[in-house]
1. Would you mind counting up the charge near residue 35? Only other residues with Cβ under 12 Å from its Cβ, with Lys and Arg at +1 and Asp and Glu at -1.
2. Hey, can you rank 168-180, 29-41 by average C-beta count inside 10 Å, highest first?
Amino acid sequence: MFGFLRNKERSTQELSESELIEACKKGSSKAQKQLYEQHSSKMFGVALRYVGNHHEAEDVLVTAFMKVFEHLDSFKSEGSFEGWIRRIVSNEALGLIRKRKKVFMEEIENADYKGKNNPASTTLETNDLLALVKQLPDGYRTVFNMYAIEGFSHKEIAEKMGISENTSKSQLSRARALLKKWLTQIDDNANNTTQNNQSMQSFVL
């Protein structure tokens, strides 16, 4: 009898996404594990871009997936399931940032950063640029991630963070300026290609 049950559990690996979600709703631990394994790596990256360190990103991921399984009934099948999970992870990460009480208490009054007149170019790969993003101050990094990577509008950022749209735009502008400054400095010490330059500029801008 137990062998039969184990075979039945293993069959979840052959289920479609919608069938897997339904199995999770019914409490299948095997289905929940499979769903977690399918999405956890990418969602960890989302969390890490927000909070900036692995330990807190892991905490965000665990809490977010608890909410995913708890609220599966609220997922609307016509939308993207990955996008739905991403929103939960993003919201959880933003909640952690608010608890830190280190960001978005007031508009940052730092002086603008100014790079060189010539466009920044670099041989950095995308992962290297993301590493630079992680070095941004918390406020800059969060707005840049939400706007440039996650696709939130300034209105959505303002509503989620309890700030004005102008503050969101200001944070984004300063984040881009700082990234361009760093990229220009790297360009001074490295050979580069036109293709990498165009790719990097499109990401930052």
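None of the figures in this text is laboratory data; all of them are computed from the coordinates on show. Nothing here was measured: the structure is a model prediction, and the numbers come from that model. Neighbour counts are summed over all protein chains in view; Cβ atoms, including those assigned to glycine, are modelled from backbone coordinates with ideal geometry.
1. On the way: positive: 25, 30, 33; negative: 17, 19, 22, 37, 82.
Result for the local shell: -2.
2. Numbers: 168-180: 20.5, 29-41: 16.3.
The peptides rank, most packed first, as 168-180, 29-41.
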